[in-house]
1. Can you find, within the stretch B:210-221, the residue that is nearest to the other protein chains (Cβ to nearest Cβ) among those that are surrounded by fewer than 22 Cβ atoms within 10 Å (Cβ to Cβ) and assigned to a helix (DSSP H, G or I)?
2. What are the residue pairs meeting all of these: first residue in the stretch B:114-125, first residue surrounded by fewer than 21 Cβ atoms within 10 Å (Cβ to Cβ), second residue in a loop (DSSP other than H, G, I, E, B) and not aromatic (Phe, Trp, Tyr), Cβ atoms under 6 Å, and 6 or more apart or on different chains?
3. Please work out if residue B:143 is away from every other protein chain (no Cβ under 14 Å), closer than 27 Å to residue B:56 by Cβ, crowded, with 16+ Cβ neighbours inside 10 Å and not hydroxyl-bearing (Ser, Thr, Tyr).
4. Any idea how many residues of the stretch A:231-252 are more than 8 Å from chain B (Cβ to nearest Cβ) and either touching a residue at least 12 places away in the same chain (Cβ under 8 Å) or under 12 Å from residue A:213 (Cβ atoms) (or both)?
5. Give the residue, chosen from A:303, A:287, A:329, that is within 19 Å of the chain's Cα centre (by Cα) and of a type in the set (D, E, K, R).
6. Return the only residue of A:197, A:237 being of a type outside the set (Ser, Thr, Tyr), assigned to a strand (DSSP E or B) and under 25 Å from residue B:260 (Cβ atoms).
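The values are calculated or read from the model by the stated rules, or taken from the named source; none is laboratory data. These figures come from a predicted structure and were not determined experimentally. A quick note on method: Cβ atoms are made from the backbone with ideal geometry, for glycine too, and the neighbour counts reach across all protein chains shown.
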Amino acid sequence: MRGMGRALMKMTMTGLLIAGLCIPAVAAEEAYKVGGIFSVTGPASFLGDPEKRSLEMVVDAINEAGGIDGRPVEAVIYDSEGDPGKARLAVGKLISKDRVLAVIGPSRTPTTLAVIPLAEQGQVPLVSCAAGIQITQPVKPWVFKTAQSDVLAVAAIYDYMKKHGVKKVGILTVSNAFGESGKEQLVSQASSFGIEVVQEESFGAKDTDMTPQLTKIRKAEPDAVICWGTNPGPAVVAKNMKQMSMDIPLYQSHGVASPKFVELAGEAAEGIRLPTGKILVAEQLPEDDPQRAVLLDYIKNYEARTSMTVSGFGGYAYDAMHLLAKAMEGSGGDRQKIRDALEAIQGHVGVSGVFNFSPEEHNGLGPEAFVMVEIRDGKWKLLTD
Amino acid sequence: MQELLQYLFSGVTSGAIYAVIALGFTMLYNATELINFAQGELVMLGALTLVSLWAGLQLPLPAAFVLAVAAVCGVGLLLELLALRNVRKPHPILLVLITVGASIFLRGVAMVIWGKDAHGVPPFSDHPPLEVGGATLLPQSLWILGIVLLIVLSLQFFYKRTLTGKAMQATAINRRGAWLLGIPAERMVLLAFAISAAMGAVGGVIIAPITMCSYDMGTLLGLKGFCAAMLGGLGSSWGAVLGGLLLGVLEALGVGFISSSLKDAIAFLLLLLILYVRPSGIFGSGAVHRF
């Protein structure tokens, strides 16, 4: 009699235990999981940190508004530290262990290129926040991006230069994927704007003195210098040019469109022109610009939430999450449906531009995604002519 | 002609940086026959401490200078006391590996304290760049060259004219022999570490205004400084200075006349060449030990 009672107790306890384990699993089914992989620390933290915060902000806003189809969204975010190897490991984890429905990020071109095979094989939608044109050209079914391409950035610079009579340029690019991609675009697009590249030089990402390269460029007598890189190299270039009293204009890439560049370059930043997303000059936009309202709203919410100045880069993750949220509505957590819905989005007004996706176009932005600005008194001034 | 001059100026500036670091290597080697691969990190710590004290806490420059040097000196002393002194079997390679480990550790600590961003400081004096023959030279470069000269002269004076300096040389030549004569060998080694760390710190402080200071600036600087020391001859102070300047100038000329992508390759190519052709360097003494 006693033995039977004990056995019964054991069975009941085991049953309760199993039931108890099932409950969290059932509760977890409820939330939609979205993965994030950003270079939160490391040399590209100026990209990854605002992107992470923006993603968290959007997810919280979505959840406060009731979630997607009534289900909450959960963001699982990892730090790639700007390293392609670590990015791969993290994305592998997101796909197989965390089983996310989609991945937002990575922040940089090299890290994105490293994780694309995982997204394609795992058939998980990847919405990258990196600029390299090779990410979406040629088109890969599962890979999208929200950052403006360097193609558009170069076109914006050359367009401005053509209008202002610049005929010869010297280019100085950083020797990594971002700089190489920029150089390729600068060289190939020059002739269609009537511009000649008279000197091409490169510099290492960690170099602290570019005067030899600038000396060579100066010798070729260009009308302007274009520097393509991300901090801190371009700041050194700006300082070197001032030190060498080179008074031809300096143009930079959108990679330096952040307050950090102005801080590093100091006085040398004055008068530098660059292409940037509209976010840096949102208040200066005309009233009828469709992006103005979205931008001002993002800026207000981001700065209230983080007490930090907004930068264009956080907007990539903001747009990515909004686009994904639109695609996830009605999908019931099916990755293929999410991908198809994402590809069909048209006319989405985001922080980075107006998105129009299609099976051949997975970046979805046009030339109006960039405006030319000039740094005056340490602030960004929209150039309207 | 104008370009050549500009390359030379740029080369002399970076060369002075390498010279300061090479001096640190040489000085310690002179006293202990040890290569301290954490020297680059000591330079980095000097630079970043200056950033915190001068730009951050807004202390006056001389005070920030002295405090930064003192702080890094302390780090060098701790390195010797904790990591190197009590090694049971002090085989040279083992000690060198310990210094490599120390460099990684210091880099990690710097990353935690100062983050991964780059920091800048304004130059010591507010003069505009100097125009010489159509090329420009930064006034900070003159500061660097001047201070390097001061350091070398002080070191020569220390070694040739003071008893402590001679005692340190004696300890380097034969530790046991010096100890038998009453020279406190352990204290000499500690002093050597202190001085070479201080030199590394001074190097960091004076180059901070013209480079971007970040937690990982020490790695490449340390390696190039080591190349410069080998180039000039390990053990000779003037050799360190000459090696540094030569390295800087050759780098700048290489970038200017051949290709900008070769910049780092030039330093290491030179190192390989020197080790192959004349391992004792330009000014080094004939005997070179192999482990």
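1. Among those that are surrounded by fewer than 22 Cβ atoms within 10 Å (Cβ to Cβ) and assigned to a helix (DSSP H, G or I), it is B:220.
2. Within 6 Å, the pairs are B:116/A:41; B:116/A:42.
3. So residue B:143 fits the description; yes.
4. The total comes to 14.
5. Going through A:303, A:287, A:329 in turn, the sole match is A:303.
6. It is A:197.
Yes or no, residue by residue, for (1) in contact with a strand residue (DSSP E or B) (Cβ under 8 Å, 6 or more places away or on another chain); (2) among the polar types (S, T, N, Q):
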site	(1), (2)
A:306	no, yes
A:309	no, yes
A:331	no, yes
A:335	yes, no
A:341	no, no
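Residue-by-condition table, conditions (1) among the hydrophobic types (A, V, I, L, M, F, W, C); (2) without any contact (Cβ under 8 Å) to a residue 60 or more places away in the chain:
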{"site": "A:274", "(1), (2)": "yes, no"}
{"site": "A:283", "(1), (2)": "no, yes"}
{"site": "A:290", "(1), (2)": "no, no"}
{"site": "A:299", "(1), (2)": "yes, yes"}
{"site": "A:302", "(1), (2)": "no, no"}
{"site": "A:306", "(1), (2)": "no, no"}
{"site": "A:317", "(1), (2)": "yes, no"}
{"site": "A:326", "(1), (2)": "no, yes"}
{"site": "A:342", "(1), (2)": "yes, no"}
